[in-house]
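Take a look at the structure set out below.
The values are calculated or read from the model by the stated rules, or taken from the named source; none is laboratory data. The structure displayed is predicted, hence computed values, not measured ones. Cβ atoms come from the backbone with ideal geometry, glycine included; neighbour counts cover every protein chain shown.
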Amino acid sequence: MSEFPDHLNETRGRYPYLTSLASRWNDLDLFGHVNNAIYYEYFDSAINRYLMEVGGNDPLTDGTMQFCVENRCRYYREMGFPERITVGLRVAKLGKTSVGYDLALFAEGRNEPSALGHFVHVFVDRANRRPVAIPAALRDALARLLGDT
C-alpha cells in the first residue's frame, strides 16, 4: 500500500478478518481521547491474535518470529473510553519472508473507519534473527486474508 485508500470506501466488508476489543481507561491521553500511539497497539494485537488463533503461531516457542519493519497510521475520528472497537485486517502483500497488512479501526455502530493502518512483518529465525521463509501454516493463514487494495 503506497498511499492510504479513501477512508470512506474502507468499510468493514473489505476486511476478511474482524476482531473486537475494548478501549481501556489508561489508553486515554491528557486530551481525553485514545492516544495516537495506542492505535498501533490495537493493530498489533489484532495481527498477533490472528497469527496465533488461525495460523497456530506460538510467539514464545516457534522457531520463527515476526519483526515489525514498517508501520503507519492515518487518523480520521478520535476514539475514547469506554468504546468497543472492531479491528479489520487484510493482507495487502504476501512475500517469501514478509507480509504487508492493511488494518482499520471501526467504532461500534460505525461503518467508516476511525483510523487506517499499515504494518509490515519480516519473519526471522529465532536463533540468528535472519529473514526466513514464512512457515507453511502461517502462509496458508495469511493467504486467506489477501484482499483487494
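If you take just the strands (runs of 3 or more DSSP E) that sit entirely in region 65-140, which of them hold at least 1 residues that are surrounded by fewer than 16 Cβ atoms within 10 Å (Cβ to Cβ) and modelled with pLDDT of 95 or more? Walk me through it before giving the result.
Values: elements: 84-94, 98-107, 115-125.
Fully inside region 65-140 and qualifying: 84-94, 115-125.
Could you grab me the full set of residues in region 13-29 that are of a type outside the set (Asp, Glu) and outside any strand (DSSP E or B)? Full working, then the answer.
Within region 13-29, the subset of a type outside the set (Asp, Glu) is 13-26, 28.
Answer for region 13-29, where residues must be of a type outside the set (Asp, Glu) and outside any strand (DSSP E or B): 13, 14, 15, 16, 23, 24, 25, 26.
Say whether the condition of being within 15 Å of residue 7 (Cα to Cα) and polar (S, T, N, Q) is met by at least one residue in region 79-91.
Looking for residues that are within 15 Å of residue 7 (Cα to Cα) and polar (S, T, N, Q), one finds none in region 79-91, hence no.
Does region 19-29 contain any residue that is crowded, with 17+ Cβ neighbours inside 10 Å, more than 16 Å from residue 122 (Cα to Cα) and of a type in the set (D, E, K, R)?
Yes, the conditions are met somewhere in region 19-29.
Consider only pairs whose beta carbons are under 7 Å apart and that are at least six residues apart or on different chains; among these, list those whose first residue lies in region 47-76 and is in contact (Cβ under 8 Å) with a residue 24 or more places away in the chain and basic (Lys, Arg) and whose second residue is assigned to a loop (DSSP other than H, G, I, E, B) and surrounded by 14 or more Cβ atoms within 10 Å (Cβ to Cβ).
Note: pairs meeting the criteria are 74/4.
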